[in-house]
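The structure follows.
Nothing in this text is a laboratory measurement; each read-out follows from the coordinates by a stated rule. What you are looking at is a predicted structure, and each value in this text was computed from that prediction instead of being measured. Every residue, glycine among them, receives a Cβ derived from its backbone with ideal geometry; neighbour counts consider all protein chains shown.
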């Protein structure tokens, strides 16, 4: 089993560029490419483990997916005839696999997709996805662990989401593009990933208004065409690097990110005592004095993203004072707290709340990564801990970060991956 070995105590300095938004945006656009026969080119794509899973899935459906000659370029060749089935052995490895359901239904009139897998961070039901597709004329049935969807004609509908779900918004968008008439999504997700997907679909020939707002209107078209699209920078990796500076101390530049995409994180880090300033191509971050505790609650964008929550808890373990962290999105996301406590943190949880009392020092210990962001949080905590920390099972981290140890080493941290 692989391990990350982290030796704390090194201040960070230097400049680093964030990856393309692969896990939260690139995967969704790869799936949306199924809407257009021909070859779609995606740029600024960074290889992560989940990307390999999506490539295998699309190949199984009938697409030819290959890396281009230039770094970060991925070609998705979509045939006229697709095999509209997503098998369990691939879908079970990644939650984003559900994103092929809408495009397959829109292109083929039917689809059979296994229930998705992914990180064990709480219940993530598909009820809103199903209700939206049924409103658009689809018949859905769950049979032996598969979602079986079919329709004669997809028609536009008014879809009101009970929660601004990113996944449900993506499903409606990629289905409505080829539906007859107008679809309106009320209470739509506003995350940058949704905006980038809307840009991608619009470039393909879709007619979409309201991207970035809570109401999105889609006027169905008869067909869309392949495009060449550059994916925006990964805001979660950017936030991870900013918080790494807070955990270890130092002065760094993070390039390739829009301040608007991480504004709430920047505000919270400012309240904790860090200095973060925008640059023409990103942000600079400085952390010298001990951090101060601040309360954090996760909310849909533009609120504090749930993916940032474990990282924030890692920072708060050594901040002065006591903080209350509230997780409003997922109901089982505090499993990593026991691992932080192994490093000497003082964290107690009750339901969706965690009380984090800052301690003077953390000490290295063996810990286990339970999911993508939890594993990254352990690495960040270890940057500010005394001695050596071994993070076991970092394969989870690899699903969302192309080379987190390498990025941190480029800033002066001592982080090594051992196979």
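Order these peptides, 292-303, 394-405, 164-175, by their mean beta-carbon neighbour count within 10 angstrom, highest first. Mind showing how you got there, number by number?
On the way: 292-303: 17.3, 394-405: 21.5, 164-175: 25.1.
Output ranking for 292-303, 394-405, 164-175: 164-175, 394-405, 292-303.
Cα gyration tensor of the stretch 295-339, axes a ≥ b ≥ c as square roots of the eigenvalues: rounded (a/c below 1.5), prolate (a/b > b/c) or oblate?
Details: a/c = 2.06, a/b = 1.31, b/c = 1.58.
Judged from the Cα gyration tensor, the stretch 295-339 comes out oblate (a/c at least 1.5, b/c at or above a/b).
Evaluate E = 1/(1 + (r/R0)^6) for residue 279 and residue 403, where r is the Cβ-Cβ distance and R0 equals 22 Å; express this FRET efficiency to the nearest 0.05.
Values: r = 23 Å, r/R0 = 1.05.
It comes out at approximately 0.45.
Can you compute the FRET efficiency between residue 295 and residue 92 using 1/(1 + (r/R0)^6), with r the Cβ-Cβ distance and R0 = 56 Å? Round to the nearest 0.05.
With a Förster radius of 56 Å, E is 0.95.
Then there is this: Just 229, 144, 129 to compare: in a GNM of the chain, with alpha carbon springs under 10 Å, which one fluctuates most?
Comparing 229, 144, 129 in the GNM, the peak value goes to 144.
Sorting 198, 245 on the 10 Å Cβ count, fewest up front, what's the list? Don't jump to the answer; show the numbers that get you there.
Numbers: 198 22, 245 27.
Ranked by crowding around the Cβ, least crowded first: 198, 245.
Looking only at the stretch 31-64, which residues have a backbone nitrogen under 13 Å from a spot 7 Å from the Cα of residue 81 in the C-beta direction?
62
Tell me what the chain gives for mean residue ellipticity at 222 nm when only DSSP H runs of n ≥ 4 count, each as -39,500 (n - 2.57), the sum divided by the residue total, rounded to 500 deg cm²/dmol. Could you put the intermediate results ahead of the total?
Numbers: 14 runs with 124 residues, N = 419.
After summing the helix terms and dividing by the residues of the chain, the value is -8500 deg cm²/dmol.
If neighbour count is taken as other Cβ atoms inside 10 Å, put 264, 1 in order from fewest to most.
Exposure proxy ranking, most exposed first: 1, 264.
By the gyration tensor of its Cα atoms, with a ≥ b ≥ c the square roots of the eigenvalues, what is the shape of the stretch 22-229: rounded for a/c under 1.5, prolate for a/b over b/c, or oblate?
Since a/c stays below 1.5, the shape of the stretch 22-229 is classed as rounded.
Just to be sure I understand, if you calculate log10 I(q)/I(0) by the Debye sum over Cα atoms at q = 0.08, 0.14, 0.15 Å⁻¹ for this structure, which of (i) -0.52, -1.23, -1.34; (ii) -0.40, -1.33, -1.55; (iii) -0.43, -1.22, -1.35 do you get?
Label (iii) holds the value from this structure.
Rounded to whole Å, give me the distance from the Cα center of the stretch 132-173 to that of the stretch 222-297.
Rounded to whole Å, the Cα centres lie 34 Å apart.
If you wrap a convex hull around the Cα atoms of the stretch 210-255, how much volume per residue is inside, in Å³?
Each residue corresponds to 113 Å³ of Cα convex hull volume.
Another question, if that's okay. What ranking of 348, 150 emerges when the number of other C-beta atoms within 10 Å of each C-beta is taken as an exposure proxy, fewest first? Numbers along the way, then the final one.
Details: 348 11, 150 15.
Final ranking by Cβ density, sparse to dense: 348, 150.
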